[in-house]
1. Which of the peptides 363-374, 210-221 is most tightly packed, and how do the rest follow, judged by the mean count of other Cβ atoms within 10 Å per residue?
2. Using a 1.4 angstrom probe on heavy atoms only, work out the carbon and sulfur share of the accessible area of the range 325-468 in %.
3. How much accessible surface area, in Å² rounded to 10, belongs to the heavy atoms of residue 201 with a 1.4 Å probe?
4. Mind putting a number on the dipole of the range 199-348 about its Cα centre? Charges go on the C-beta only, +1 for Lys and Arg and -1 for Asp and Glu, and I need it in Debye to the nearest 20.
5. Considering amide H positions built from the backbone, and no H for Pro or chain starts, which residues 5 or more places from residue 100, or on another chain, come under 5 Å of its amide H?
6. Go through 329, 140 and list them by solvent-accessible area, largest first, probe radius 1.4 Å.
7. Residue 114's amide H: which non-local residues (gap 5+, or another chain) put their own amide H closer than 5 Å, with H modeled 1.01 Å from N in plane and none for Pro or chain starts?
8. Run the simple label-point estimate for residue 424 and residue 322 please: 7 Å along Cα→C-beta, distance reported in nm.
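The values are calculated or read from the model by the stated rules, or taken from the named source; none is laboratory data. The shown structure was predicted, so the numbers you read here are calculated from the model rather than taken from an experiment. When we count neighbours, we look across all protein chains shown, and the Cβ atoms used for this are built from the backbone with ideal geometry, even at glycine. Quick note on the areas: whole protein, heavy atoms, side chains included, nothing else; ligands and nucleic acids left out. Shrake-Rupley method; radii C 1.70, N 1.55, O 1.52, S 1.80 Å.
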Amino acid sequence: MGKKLKVELVFGATSYSVAFLLLLVWLFAAAFFYVNPLGSCKLQLRFWRDYSLISIKTGEFAIEEVLNEVIQEDTLKFQLRRFVRDEDRIQFENTGFSCLHSQISEVCVSERPLIIDNQTINVPSSQLRLTKKLKPYGEVNAHHRVSPVQIVVGEQSTNSSVPACHVTHDVPAVVFSGRGFAGNMYHEISEMIIPLFITTHHFRSQVKFVITDFNPKWVKKYSCVLKRLSGYDVINPAEKGTVHCFPGGVVGLKYYGLVALNSSDLPGGYSMIDFRKFLRESYSLKYENILQIKRERPVLLLISRKNSRIFLNEREMIALMEEIGFEVVLVRPSGMSDLAKFSRVVNTCSVMVGAHGAGLTNEVFLPSGAVMVQLVLLGLDWGSTAYYGGPASDMGVHYLEYKIDPEESTLLKKFGRDHPIITDPDSIGTKGYYEFRSVYINGQNVNVNLTRFRETLVQAMELVDLDL
């Protein structure tokens with residue numbers, strides 16, 4: 001009797017211990033593998049069922065193998081379900097597939113297998129039949145440059161055109177276009193890199209990028225970012241006619257607009273602070289804040305241009321900057337081509353100065369507390385503030401504008417003081433973007449009034465001194 005009671009007590013204690021251990025493992029999986037501890041009950045029950053089948057005679061518990069299987073399957077489903085909510089979530093739960101629409105972008109999510117044959121994506125499903133075309137690029141104004149992909153959802157057995165898999169992958173795919181406005185750094189960061197970060201960071205590198213409109217130059221330029229977000233080589237679906245099969249994935253990228261993140265939205269709720277931290281990690285940038293930079297004089301980076309919006313008195317500007325107390329680093333477009341190298345240069349600077357243009361996008365690499373000074377040329381007020389001024393505050397970067405007077409622009413001499421180009425730039429904008437661009441972006445240079453500009457540089461120095 002006593003022996004039997006002792007055995008029952010030991011067995012009960014062991015059961016409680018094992019249950020407690022499994023609870024800890026479950027919570028660990030929830031925290032580090034994004035497994036939803038309140039969802040996917042079927043999978044959790046299956047774990048308990050499989051655990052009960054483990055042989056107790058040998059005293060060996062094959063928990064790890066079963067747990068890995070459960071975590072892998074549940075993690076993929078949970079990662080994909082993080083994209084959908086409300087009515088989209090209902091359709092996704094019922095069919096395993098849903099397309100998410102917003103005013104400026106569209107993304108399709110599938111926990112069903114994806115069979116990718118160049119520009120065609122087949123999704124086997126007995127619950128849904130759908131054929132649609134989607135341009136996997138966020139900014140609609142660039143869609144004329146983007147090739148569509150065709151998504152075909154339906155019963156695979158009735159579709160004889162579905163090809164056989166040549167390569168089968170065990171992680172999800174994210175499909176997006178490498179074209180759009182690629183070639184312009186502002187558009188690359190705003191419309192490609194930030195959306196890619198928003199869409200894929202929560203996969204923790206366990207995702208593969210399938211890039212339509214494959215662009216080798218873009219892939220090379222942003223290789224540090226791509227390698228940080230994915231632990232695998234990128235895939236060109238048009239290469240060698242190879243058919244790639246995935247357990248699920250996302251077609252398109254989440255896009256919120258100009259250099260925009262949304263910390264309250266799915267899938268990850270990321271902010272600009274999160275994105276800049278990601279960039280520092282991707283490019284191994286040393287400084288998070290200018291307080292960490294130890295130099296005798298604060299470094300000012302001056303972005304020089306060669307085709308338009310040129311500083312005609314650049315040498316005098318540099319002399320003035322040095323007189324105020326800055327150590328000046330002059331960079332020309334050729335010096336910005338290697339982004340991995342140039343990002344480290346920017347990260348050592350306390351101030352960046354430049355005329356409106358894509359080069360100012362490098363403010364994303366400035367340490368917090370730095371100052372970005374934009375010279376706003378005639379006609380470019382709105383774009384200057386919207387593209388670079390507004391985002392700067394979200395980055396923790398001070399933003400100053402130096403708005404030139406008509407006398408500082410070469411347009412005054414060319415057209416005269418009373419011409420609408422000088423007096424009413426908005427009226428030129430109504431004639432169309434390309435005419436506006438030819439005048440104000442491609443046809444204008446500047447001779448900076450050093451007396452007026454000194455005030456802005458002194459203010460930048462004061463902001464840097466305050467942070468130091």
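1. 363-374, 210-221
2. Working: 3200 of 6240 Å².
Roughly 51 percent, rounded to a whole number.
3. Counting only protein heavy atoms, residue 201 exposes about 70 Å² to solvent.
4. Taking the Cα centre of the range 199-348 as origin, the dipole is about 320 debye.
5. 107, 108, 109
6. In descending accessible area the options line up as 140, 329.
7. It is 246, 248, by chain and number.
8. With each label placed 7 Å out from Cα toward Cβ, I get 4.6 nm.
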